[in-house]
Amino acid sequence: MNARNTERGAWGSRFGFILAAAGSAIGLGNIWRFPYVTGNNGGAAFVIIYFAFVILIGLPVMIAELSLGRRTARNPVGAFAQLAPRSFWPAVGMLGVLTGLGILSYYGVIAGWTLGYFLKAVCGGFSADMSYIQSSEIFAQFVADPLQAVGLLFVFIALTGIVVKGGVSGGIERWAKILMPLLFVLLLLLTLRSVTLENAAAGLTFYLKPDFSKVTVNTLGNALGQALFSLSLGMGAMITYGSYISKRDNLVTSAAYVCLFDTLIAVIAGLMIFPALFSQNIPPAGGPGLVFETLPILFNQMPGGMLFGAGFFLLLTVAALTSTISLLEVVVAYLVDEWKWKRNTAVWMMALVAFALGIPSALSQNGSAFFTRLPIIHMGFLDLFNILLGNYSLTLGALLIALFVAFRWGIHQANQEITQMGQIFYGKTAWSILIRFLCPIAILGIFVYILLTRNYF
Ligand code: TRP
């Protein structure tokens, strides 16, 4: 390894990288977003399409991003600049860096809510026989409090900064190794409780029995958007994480593990949520508040529920934290690589920017405020950011990354990077077909459709 790599940092081990990348992928997208998007799109039919997209689009794009990163040992802007100097491609990296900062700002708001719910659960803020109406009310009041929302955002971004400041292996990897296994155990325990609730079968039927009559082109858009978001693709997070991977590691099997873990956690989160919903007669298409409105009811019904509730929201906070870390790391890597900023300075300056940028989103749930319903577009700031960045920008980014690797950098170069130390590239032919044809065509088709219909959520 050359000196430059050592200065930038590197993963301590392959397993450490897989956990850190899975930590980036596994987050609110799996536990908060996946269940309600599935609920809104008719259940199991959506889940099947989602699987197909993870395997046929997500995995190939992840391999593309990781190989770009490892080849160049650079942030997204630097990676494109190195492989295609004096072209517009570095601008694609820049779009990724800015998108990451933007996602961090509103994701931090929702992550702040999970932190707040943890504190609420610890302080016994949920009464023992709460109805769905009551818990919805509690949630609505909770997110409407402006000072609290901004304060929680601040705390959360600060936590993210503390971990990222610790560096690649000493901060990000070390925390992922502690936090990810804990998250998994707690999720399993909660799921066990949920599937043994009364009327759980109705929820499992809704979740696991496909109803293809509910599938429209819109469903495809939602499934693709969810896959890209959940796997942290389309903005260079995986380029950045790939830049710290050792040349000895097998990128393809690592990417497959990350996709597998991410999907597994999303599926288990669905198993946890839907039986709980049906046992309480709560409509499955509940929207973004779903996790916050229903889970407190579930906790109240189990022995030691307060403990579980507090534990769950703590670990949801943790899952969100390992994701926000990756969002902050991208812009930090960019400033450290390209502008020679000190890591420390980059971390705190960008944390401050993300915090300031997140304030309108934090205020967007307060019924009376300007940010709740922007003029002309008639939606709140958080929704606007989520649609523009979480949907459109990631889709565009994934499309451009696939095109770049397939046709500009070239699949032969990518193959060479992937197999360079005698690594075996399982599914090489399949990958080169998917990344050249299926990925660009499918992503472009869906992208044009959602642009025309403006119907992405
Ligand atoms: N994948 C994370 C989740 O599911 C969110 C996330 C982290 C992300 N880094 C990203 C999304 C980069 C898109 C791009 O919650």
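The values are calculated or read from the model by the stated rules, or taken from the named source; none is laboratory data. Nothing here was measured: the structure is a model prediction, and the numbers come from that model. Positions of Cβ are generated from backbone atoms using ideal geometry, with glycine treated the same way; all protein chains shown enter the neighbour counts. Quick note on the areas: whole protein, heavy atoms, side chains included, nothing else; ligands and nucleic acids left out. Shrake-Rupley method; radii C 1.70, N 1.55, O 1.52, S 1.80 Å.
For the chain, what is the accessible area per residue in Å², given a 1.4 Å probe and the full set of protein chains?
Numbers: 17270 Å² over 457 residues.
Result: 38 Å² of accessible area for each residue.
Number of Lys pairs in the chain with C-alpha atoms less than 25 angstrom apart, excluding same-chain neighbours closer than eight positions? Provide the component values of the computation, followed by the final result.
Working: Lys165/Lys177; Lys165/Lys247; Lys165/Lys340; Lys165/Lys342; Lys177/Lys247; Lys247/Lys340; Lys247/Lys428.
Pairs that pass both the separation and distance tests number 7.
Using a 1.4 Å probe over the heavy atoms of the protein chains, calculate the carbon and sulfur portion of the accessible area of the chain as a whole percent. Intermediate values should be presented prior to the final figure.
Working: 11800 of 17270 Å².
Whole-percent figure for carbon plus sulfur exposure: 68.
Of the options Asn40, Asn222, Trp341, report the single residue whose Cα projects farthest towards the positive end of the charge dipole of the chain (beta-carbon charges: Lys, Arg +1; Asp, Glu -1).
Looking along the dipole axis, the top candidate is Trp341.
Quick one: which of 74-85, 162-173 comes out on top by average Cβ neighbours within 10 Å, and what's the full order, highest first?
Working: 74-85: 22.8, 162-173: 20.2.
Answer by packing, highest mean first, reads 74-85, 162-173.
Along the Cα-to-Cβ line of Leu98, 7 Å from the Cα, sits a label point; which residues in the stretch 204-242 have backbone N less than 11 Å from it?
none
Once the Cα atoms of the stretch 6-453 are picked out, what are the Rg and Dmax in Å?
20.9, 64
Mind checking which of Thr453, Thr191, Leu363 is farthest towards the positive end of the stretch 6-453's charge dipole, using Cβ charges of +1 (Lys, Arg) and -1 (Asp, Glu) about the Cα centre?
Of Thr453, Thr191, Leu363, it is Thr453.
How big is the charge dipole of the stretch 6-453 about its Cα centre, in debye rounded to the nearest 20, if each Lys and Arg gets +1 on its Cβ and each Asp and Glu gets -1 on its Cβ? Walk me through the numbers before you get to the answer.
Working: 23 positive and 16 negative charges, 242 e Å.
Dipole of the stretch 6-453, to the nearest 20 debye: 1160 debye.
Sort the stretch 330-457 into rounded, prolate or oblate with this rule: let a ≥ b ≥ c be the square roots of the eigenvalues of the Cα gyration tensor; rounded if a/c is under 1.5, and if a/c is not under 1.5, prolate when a/b is larger than b/c, oblate otherwise.
Cα axes put the stretch 330-457 in the oblate bin.
Gap in Å between the Cα centre of the stretch 91-170 and the Cα centre of the stretch 226-258?
Each part's Cα centre sits 25 Å from the other's.
As an exercise, use a Förster radius of 35 Å and the Cβ-Cβ distance of Ser131 and Leu307 to find the FRET efficiency, rounded to the nearest 0.05. If you can, show how the numbers build up before the last one.
Working: r = 22 Å, r/R0 = 0.64.
Computed FRET efficiency for Ser131 and Leu307: 0.95.
With an 8 Å cut-off on Cα pairs and a minimum separation of 6 or more residues, tell me the relative contact order of the stretch 6-453 in percent. Mind showing how you got there, number by number?
Working: 736 pairs, mean separation 157.0, N = 448.
Across the stretch 6-453, relative contact order equals 35 percent.
At 24 angstrom or more along the helix axis (alpha-carbon based) and mean Kyte-Doolittle of 0.0 or higher, what helices does the chain contain? Whole DSSP H runs only.
On the way: long enough: 89-122 (49 Å, 1.25); 146-165 (28 Å, 1.99); 174-195 (33 Å, 1.67); 251-279 (43 Å, 1.97); 305-339 (50 Å, 1.59); 343-362 (27 Å, 1.18).
Helices meeting the criterion: 89-122, 146-165, 174-195, 251-279, 305-339, 343-362.
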